[in-house]
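Read the structure below first, then the notes.
The values are calculated or read from the model by the stated rules, or taken from the named source; none is laboratory data. Treat the numbers as computed from the prediction; the structure is a model and nothing was measured. Positions of Cβ are generated from backbone atoms using ideal geometry, with glycine treated the same way; all protein chains shown enter the neighbour counts. Accessible surface is based on the protein model in full, side chains and every heavy atom, while ligands, DNA and RNA are left aside. Shrake-Rupley method; radii C 1.70, N 1.55, O 1.52, S 1.80 Å.
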Amino acid sequence: MDATVVAIAGDGDDSVRRPLVSRSEEILPYADPPSPQRPPLDAGASQAEQQRKPQRVASLDVFRGFTVAMMILVDDAGGAWPGINHAPWFGVTVADFVMPAFLFIIGVSAALVFKKMPNKTAATKKAMVRAIKLFILGVILQGGYIHGRHKLTYGVDLDQIRWLGVLQRIAIGYFLAVISEIWLVNNNLVDSPVSFAKKYFMEWIMAMMITTLYVALVFGLYVPNWEFKVKISDPTFSTPISLVEMRTIHCGVRGSLGPPCNAVGLVDRVLLGENHLYKNPVYKRTKECSINSPDYGPLPPNAPDWCLAPFDPEGLLSTLMAAVTCFVGLHFGHVLIHCKNHSQRMLFWLLASTVLTIFAFLLLLLGMPFSKPLYTVSYMLLSAGVSGFLLLLLYYIVDVIHIKKPFILFQWMGMNALIVYVLVACELFPTLIQGFYWRSPENNLVDITESLLQAIFHSKQWGTLAFVLLEIVFWCLAAGFLHMKGVYLKL
């Protein structure tokens, strides 16, 4: 640990931290990159002094950009390639590591940013405003107002609006982690592993308290029988009409982790209401609910009623557990700040990632499965451990041995992660483009390009994959253009 680091003092103290990453070069949440025009080095400075100047941690940008690219790949190609889509309920696929990676890198970034805020009240206000903006943006983009591709309509019934989603989860996790970083970290000097642990001890306690609360509720809450509404079509009329039926799910259990009777769904139904939950949950792709499992498909004979029930994969209780991933990211950011050299950082990151992964599989052996919809503790540990290994690998390649050119596209995307996510992963840009068509709504640039690639490859799967990869490259280049022009979307 770096003995030369001076701790952040309270208001009125003249001492300031001198971190590895300077204010002008640090990686801010959602990519607040440096100005494209950097001030020149002092003419009289020696080469050694110039080399000692802090460098931007480019691997964080690459990590963030790679995560956004994977989001686009999973969301847009997952339908054609079920193997890279989310696991229907239990287990993990490549897609299930993407969202936790985003939460993880937010924690790393927050550790770099909020160490240099001596005014805790101002820092709290800044974090609160940013979280509120993210949450509202999430409600607008993912609450049902925008109907997505192939539907040139918009608008949402407030009685049916979905309150939670990916951006809302990011906002909540970010806010909890940052508030802990601002108020729970003491001003102790870090000069050893023991002093490092003492400095951030209360943050770890907070993360363990959140985990304990989650476990207590998931395994302690009694889930009674419950009802939900389902629309059915009545073919007996000359013009088929939709009727609403009430279906009953029989539970009366505690500690169930299955789709129909878990406490995660119970909390959302009670606090949010059935109408405000996600109507197309991933468990509709299970064998019980789809003849095309692991893809969506028609219901099999004698399918259980819960196959038609709503469930929010970004619900309240699972989001609470997801916030712990941000706390893990904070720890990795603290290591980046306090460790002297590359070897120390990579060693601590390797140890932390290994411990997280080992504990994940131990919990799996003890009966807690990996489940992204529930965001089980075992899943949180595994996804955080994998994120740590990925950061370690990218840090070594990009920042230690300085192989940066192959990753420049991801770096550009990472510097404009939020605008790319909003425009692409939330389908805002494709929806806008599809609004311009020739004679028929199907004759638009997006659908024609995808159909052309499918025809060239003589395969819907490979054509869709090629279209999505082309889409990712396009947005990497667009993000690079914005970076060169100094245009960044910040909240």
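When the chain is fully extended, how far beyond the present Cα-Cα distance does residue 119 get from residue 366, taking 0.36 nm per residue of separation?
84.4 nm
Give the lysines reachable from residue 229 as a straight Cα distance under 29 Å; neighbours fewer than 8 places away on the same chain don't count.
151, 279, 284, 287, 372
Multiplying the sequence separation of residue 355 and residue 305 by 0.36 nm and subtracting their Cα-Cα distance, what value in nm do you get?
Roughly 14.0 nm would be gained on extension.
Protein chains only, probe 1.4 Å: how do 371, 343 rank by accessible area, largest first?
Output order, biggest surface exposure first: 343, 371.
For residue 403 paired with residue 205, estimate the spin-label separation in nm (one decimal), with each label point 7 Å from Cα along the Cα-to-Cβ line.
The two pseudo-label positions are separated by 4.5 nm.
Once phi is turned into θ = phi - 60°, what whole-Hz ³J(HN,Hα) does the Karplus curve with 6.51, -1.76 and 1.60 give for every residue of the range 322-327, x standing for Gly and Pro?
These are the phi-based 3J(HN,Hα) values: 4, 4, 5, 4, 5, 5 Hz.
Would you kindly state how much longer the chain becomes between residue 136 and residue 254 on full extension, computed as 0.36 nm times their sequence separation minus their alpha carbon distance, in nm to one decimal?
39.1 nm
Return the FRET efficiency for the residue pair residue 151, residue 487: r is the Cβ-Cβ distance, R0 is 35 Å, and the value is rounded to the nearest 0.05.
0.75
Using heavy-atom solvent-accessible surface (probe 1.4 Å) with all chains present, what is the largest-first order of 401, 433?
If we order 401, 433 from most to least accessible, we get 401, 433.
Using only the Cα atoms of the range 210-365, construct the convex hull and provide its projected area averaged over every direction, in square nanometres to one decimal.
13.0 nm²
Not counting ligands, DNA or RNA, and with a 1.4 Å probe, what is residue 464's accessible surface area in Å² rounded to the nearest 10?
Its heavy atoms expose roughly 10 Å² to the probe.
Report the label-to-label distance for residue 225 and residue 341 in nanometres (one decimal), using points 7 Å from each Cα along the Cα→Cβ vector.
Rounded to a tenth, the inter-label distance reads 6.9 nm.
With r defined as the distance between the Cβ atoms of residue 280 and residue 187 and R0 fixed at 35 Å, what FRET efficiency is calculated, to the nearest 0.05?
0.10
What's the local net charge at residue 84, with K and R +1, D and E -1, over the other residues with C-beta under 11 Å away?
Result for the local shell: -3.
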